[in-house]
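Notes follow once the structure below has been shown.
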Amino acid sequence: MAQPLVKKDDDRDEEADYSPFLGIEKGAVLQEARVFNDPQLDARRCSQVITKLLYLLNQGETFTKFEATEVFFAVTKLFQSRDIGLRRMVYLMIKELSPCADEVIIVTSSLMKDMNSRTDMYRANAIRVLCRITDGTLLTQIERYLKQAIVDKNPVVASAALVSGIHLLQTTPEIVKRWSNEVQEAVQSRAALVQFHALALLHQIRQNDRLAVSKLVTSLTKGSVRSPLAQCLLIRYTSQVIRESGVNTQTGDRPFYDYLEGCLRHKAEMVIFEAARAITELSNVTTRELTPAITVLQLFLSSSKPVLRFAAVRTLNKVAMTHPMAVTNCNIDMESLISDQNRSIATLAITTLLKTGNESSVDRLMKQITSFMSDIADEFKIVVVEAIRSLCLKFPLKYRSLMNFLSSILREEGGFEFKKAIVDSIVILIRDIPDAKESGLLHLCEFIEDCEFTYLSTQILHFLGNEGPKTSDPSKYIRYIYNRVILENATVRASAVSTLAKFGAMIDSLKPRIFVLLRRCLFDTDDEVRDRATLYLNTLGDGSVSETDKDVKEFLFGSLDVPLTNMETSLKNYIQDPTEEPFDINSVPKEVKSQPLAEKKAPGKKPTGLGAPPSAPTSTDDAYERLLSSIPEFASFGKLFKSSAPVELTESETEYAVNVVKHIFDRHVVFQYNCTNTIPEQLLENVTVIVDASEAEEFSEVGTKPLRSLPYDTPAQTFVAFEKPEGVPAVGKFSNMLRFTVKEVDPSTGEAEDDGVEDEYQLEDFEVAAADYILKVGVSNFKNAWESMGADSERIDEYGLGPRESLTEAVNAVINLLGMQPCEGTEVVPSNSRSHTCLLSGVYIGNMKVLVRLSFGIDGTKEVAMKLAVRSEDENVSDAIHEIVASG
Amino acid sequence: MATFLSQEACPTIKNILLLDSEGKRVAVKYYSDDWPTNSAKLAFEKSIFTKTQKTNARTEAEITMLENNIIVYKFVQDLYFFVTGGDDENELILATVLQGFFDAVTLLLRNNVEQREALENLDLILLCLDEIVDGGIVLETDGSIIAGKVATHNMDDGAPLSEQTISQALATAREHLTRSLLR
């Protein structure tokens, strides 16, 4: 359908030009608002002025505090008028102005009068306004009226009170919770919307009481819920109950599944969809349970309403991620959606098809998609590209057509994110499908010939440097790379120089030609480019056809074995205090810092009565290192290898809370005891920990650092140091006794008595285990790292882990036992899977890299078996890892 | 402002927008904190308007996604109606709210659903928004009931619909609607 004619301002005629708000201006309207003060109120005029004020606010205009107060007071005068229309506008205005507490008092009595008015409209609206602006103290005054209103026979009044209750529950839950009897009654209301609001409020009141929610659902799923909205709510609550109760193990039936399935036959589409969606989201849903939901969604796919089609295809898309086979029945309907007018629907349809498609349908699909790609937005294109990437990994034989598709869209117009998605996909395909390497690299080469994004060019050049030399005919890439040196900006030129050098290092026969090219780069205008060229010319030898030194190759190809974030912090520190000393890369800590879990968006702004929340754990390693090196006794121990996470040595809520952090050095271990005194009437002095190391034969105590004074609620540390054989992962068990002098403190003055009593406090034992000698250090590409490690050091064995709760639990147990870094997200076990492979990497004491490949399998009786393959730089280390597992 | 709870919570509306043919505000109402400033709101309105302008939402309500929100929309003459919800919201509930808003406005403007008429009766539009959603929670979805609630407030003589009873008004409006659909 054609767009309506949008008339330009100047060719509108006199009449059309009129807008009631043309040339409206805040100052003038505020002047006009003086009519509110007239002794003889003109209701119509006043309404118009309020509309103008609301118009200004709606357009984003703001009032100063003074102006707002002025308007507010003027508006309160209008309660004198008996005009219903004007009163409604007054209500709106008060809500928009959101007055402060002392202003609220002024309107409270007027609103409370309206709340008890005989006019239903007044009652309903006054409740909503008052609850919006009120605070807790006022609420107790009006609580009685609100309870009455909830069971009012006028549905509008009841709804107003219930909805207000839902909002108030966030701020003053204790009051709203007292209304549950009335709310319960309202759930039985015959008015559809009242039932909906009552159900929402009742559930929120009881949401922390699982039993109550379960009862509520049980009774309502049998009864009659009238409005579709309330039915949707009930479906949501039902799936919550299902989630918490689990499957009945005897019959394999799910409680309430029948109710959900029944809702699929409801007359409102809203309810049908809500139920279908709920079924698809059940955990561990079976095909049998899924089928009826898929069937109704399939019907929606051919609806005339775009919203229905969208909802259905979006849900099916999600189902396809976990149960691709269940969705295949819809493929024909889905294919017709590729040409849907609504591009969101078309994109979802395509990506679903890509997930469910089989090998034979790939070519046909690609043809359809190609015609479709040109007229969708970048964000959709990215979704398609990602879907194609996973399809290609699923059907590696089809790489040719998929790679062609990727390269053709790479040549089309598009923004950075889109191009990056394509390049990433091609890179992944090259890495995982060996056959695709040559054609993929050539596509990338062609792309950088005309690439406007420096970031992508440098990424591709780097990748080319690593992969290009391994192809059958490396020389053909040289031209593309050298073109960059001639044509591009300095950043790209510099990375092109590095890439050239890599070719030179790897392919001896190409070396003389590379040297010619590198020498030309010596005349570049940019410092970095010249520096790199000079560096490589000097490291690669004399330019003759000769083998490159191993060290040089290591220099060119070796990865930086420190995490980049740590590198960044160290460099920043280095810059901060100027020094003559050169930066030492060995001073950068290698431990991967665990990212603090992103805090979930807290629901609402709940005032926390307990003061500030405990601060997130800061980067502890740096702090430890600084702390330890500041203690002279320990300064000679050398570089800190690893600090463990704190191990609690006391139960929570005991008199003294103590935990220990194990610091591992090459020849020493230091135990840091963090002590907290939780008794206000006591002051502890000369606090030490007496360690019994009789079960840790290889350790001998070399020193302690007592804690002079430990006042109430101020954590402090005492240390004990042990010597151990160098580089050996000595293990052992340590038992601990806290010894101190306790002095009574007068709680009123805070002064301690002079005399103290010696006392002891038994702490729990802890162990130094093998995992304490392994650093969590990740690798970016496990496969490459694994292959480069070589099979000589590999040690493989199988272990039975006995019956376990789940595969996830078993995987986590082994990861914790080894204390290594999971790679490539393999610590996550997909639900329902019966086997899993987990990749770990780490650095063993003595700076030995270790890689571990764990294969788990679980059988029907939950017996878990594990195959452990270890590769490391030293076969003794591989054996040591096996020993850890065997003894763990 | 609405508080957004977990997925089990009540369906929540993030905003309702009524824009003109240039994407400018006629009346808007935000219920969530997702767009804290006026400029953030304006930016959202601009991007959603640009994104949907080329689509045809004149016969059936259309739907799209933007910034992890689902937006259902419908256009009539030079008025553009939008309802936004979170991305795990039931699309059909949003569509029902949109339809309720749209029907109510159609009734209140006596079928002259266009920008000038809307601005001239802005008070009705604002009251209408107030009656559909309260702090993000759906109050009422039936267009005729919403219009009825708004219209009862206008008992003064010059106001629209005063001479007609609600049922009459609805009858005429339905008639108009059917006719416009058959056309």
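What follows draws every value from the coordinates through simple rules; no lab data is involved. What you are looking at is a predicted structure, and each value in this text was computed from that prediction instead of being measured. Every residue, glycine among them, receives a Cβ derived from its backbone with ideal geometry; neighbour counts consider all protein chains shown.
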Mean Cβ count within 10 Å, highest first, over the residues of peptides A:423-432, A:356-365: A:423-432, A:356-365
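Can you put A:Phe740, A:Phe641 in order, fewest other beta carbons within 10 Å first? Display every interim value, and only then the final one.
Working: A:Phe740 27, A:Phe641 23.
Final ranking by Cβ density, sparse to dense: A:Phe641, A:Phe740.
What number, in percent, do you get for the relative contact order of chain A if the mean sequence gap of Cα pairs under 8 Å and at least 6 apart is divided by its residue count? Please list the in-between numbers first.
Working: 1259 pairs, mean separation 35.1, N = 888.
Computed over chain A, the figure is 4 percent.
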Furthest towards positive pole of dipole, A:Thr51, A:Pro99, A:Gln31, structure part the stretch A:10-126, Cβ charges: A:Pro99
Estimated inter-spin distance, A:Glu413 and A:Thr218, nm [label 7 Å along Cα→Cβ]: 6.4 nm
Cα centroid separation - the stretch A:472-529 against the stretch A:114-141, whole Å: 78 Å
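I want the local charge near A:Arg708. Using Cβ-Cβ distances under 13 Å, sum +1 for each Lys or Arg and -1 for each Asp or Glu among the other residues.
Details: positive: A:Lys705, A:Lys743; negative: A:Glu685.
Net charge around A:Arg708: +1.
Under the 0.36 nm per residue contour assumption, what length would be gained going from the current alpha-carbon distance of A:Ala268 and A:Asp450 to full extension?
Value of the extension gain: 60.1 nm.
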Whole-Hz couplings from phi, Karplus 6.51/-1.76/1.60, listed for the stretch A:768-777; x for Gly and Pro: 9, 10, 4, 4, 5, 9, 10, 8, 7, 10
Positive-end extreme of charge dipole, the stretch A:771-887 - chosen from A:Ile845, A:Ala886, A:Ile858 (charges on Cβ): A:Ile858
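Report the local net charge at B:Tyr73: Lys and Arg +1, Asp and Glu -1, summed over other residues whose C-beta lies under 11 Å from its C-beta. Intermediate values should be presented prior to the final figure.
Values: positive: B:Lys51, B:Arg58, B:Lys74; negative: B:Glu60, B:Glu62.
Overall, the nearby charge balance is +1.
Neighbour counts of other C-beta atoms within 10 Å: give me A:Arg226, A:Arg144, A:Arg123, A:Arg178 arranged from fewest to most. Intermediate results must be reported in sequence, preceding the final value.
Details: A:Arg226 16, A:Arg144 9, A:Arg123 24, A:Arg178 12.
Fewest-to-most ranking of A:Arg226, A:Arg144, A:Arg123, A:Arg178: A:Arg144, A:Arg178, A:Arg226, A:Arg123.
Averaged across B:33-39, how many Cβ atoms of other chains sit within 10 Å of each residue's Cβ atom? Intermediate results must be reported in sequence, preceding the final value.
Details: counts 1, 0, 0, 0, 1, 4, 1.
Per residue, the average neighbour count from other chains is 1.
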Span from the the stretch A:806-822 Cα centroid across to the the stretch A:325-375 one, whole angstrom: 39 Å
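Counting Lys and Arg as +1 and Asp and Glu as -1, what is the net charge of the other residues whose Cβ lies under 12 Å from the Cβ of A:Lys419? Provide the component values of the computation, followed by the final result.
Working: positive: A:Lys381, A:Arg411, A:Lys420; negative: A:Asp378, A:Glu412, A:Glu413, A:Glu417, A:Asp424, A:Asp450, A:Glu452.
Net of charged neighbours comes to -4.
Taking the Cα centre as origin and putting +1 on Lys and Arg beta-carbons and -1 on Asp and Glu beta-carbons, what dipole magnitude results for the protein assembly as shown, to the nearest 20 debye? It would help to have the intermediate numbers written out before the result.
Values: 113 positive and 153 negative charges, 987 e Å.
Using only the charged Cβ atoms, the result is roughly 4740 debye.
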Other protein chain Cβ atoms within 10 Å, averaged over every residue that makes up A:228-235: 3
Entries in A:Lys776/A:Lys867; A:Lys52/B:Lys29; A:Lys177/B:Lys41; A:Lys147/A:Lys222 that, when Cα-Cα distance is taken, lie over 25 Å: A:Lys177/B:Lys41; A:Lys147/A:Lys222
Net lengthening on full extension, A:Arg226/A:Asp363 (0.36 nm per residue, minus Cα-Cα): 44.4 nm
Alpha-carbon centroids, the stretch B:33-54 and the stretch A:384-436: separation in whole Å: 33 Å
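Among B:Cys10, A:Cys100, what is the fewest-to-most ranking by other Cβ atoms within 10 Å? The partial results should precede the final answer.
On the way: B:Cys10 22, A:Cys100 12.
Going from sparsest to densest Cβ surroundings: A:Cys100, B:Cys10.
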Among the listed pairs A:Lys305/A:Lys381; A:Lys437/A:Lys550; A:Lys367/A:Lys394; A:Lys511/A:Lys849; A:Lys318/A:Lys394; A:Lys355/B:Lys24, those beyond 29 Å (Cα-Cα): A:Lys511/A:Lys849; A:Lys355/B:Lys24
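What is the mean number of Cβ atoms from other protein chains located within 10 Å of the Cβ atom of each residue in peptide B:123-129, rounded to a whole number?
Numbers: counts 12, 2, 3, 11, 7, 0, 2.
Across B:123-129, the average partner-chain Cβ count within 10 Å equals 5.
Based on the Cβ-Cβ distance from A:Gln576 to A:Glu685, what FRET efficiency comes out when R0 is 30 Å, to the nearest 0.05?
Values: r = 38 Å, r/R0 = 1.27.
Given R0 = 30 Å and the Cβ-Cβ separation, E is 0.20.
So if we plug the beta-carbon distance of A:Lys26 and A:Asp526 into 1/(1 + (r/R0)^6) with R0 = 41 Å, what FRET efficiency do we get, rounded to 0.05? Spell out each step's value before the answer.
Numbers: r = 56 Å, r/R0 = 1.36.
E between A:Lys26 and A:Asp526, to the nearest 0.05, is 0.15.
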Cα-based helix-to-principal-axis angle, A:136-150 vs chain A, degrees rounded to 10: 60 degrees
C-alpha long axis of helix A:475-487 to longest principal axis of chain A, angle in °: 60 degrees
Which of A:Asn677, B:Leu139, A:Ala730, positive extreme of dipole for the protein assembly as shown (C-beta unit charges): B:Leu139
Sites matching GluC sites (Glu not before Pro) across the stretch A:368-418 that sit in DSSP coil, with at most 16 neighbouring C-beta atoms within 10 Å: A:Glu412, A:Glu413
Degrees, to the nearest 10: A:620-629 long Cα axis against longest axis of chain A: 50 degrees
Cα-based shape type of the stretch A:771-887, given that a ≥ b ≥ c are square roots of the gyration tensor eigenvalues and the cut on a/c is 1.5: prolate
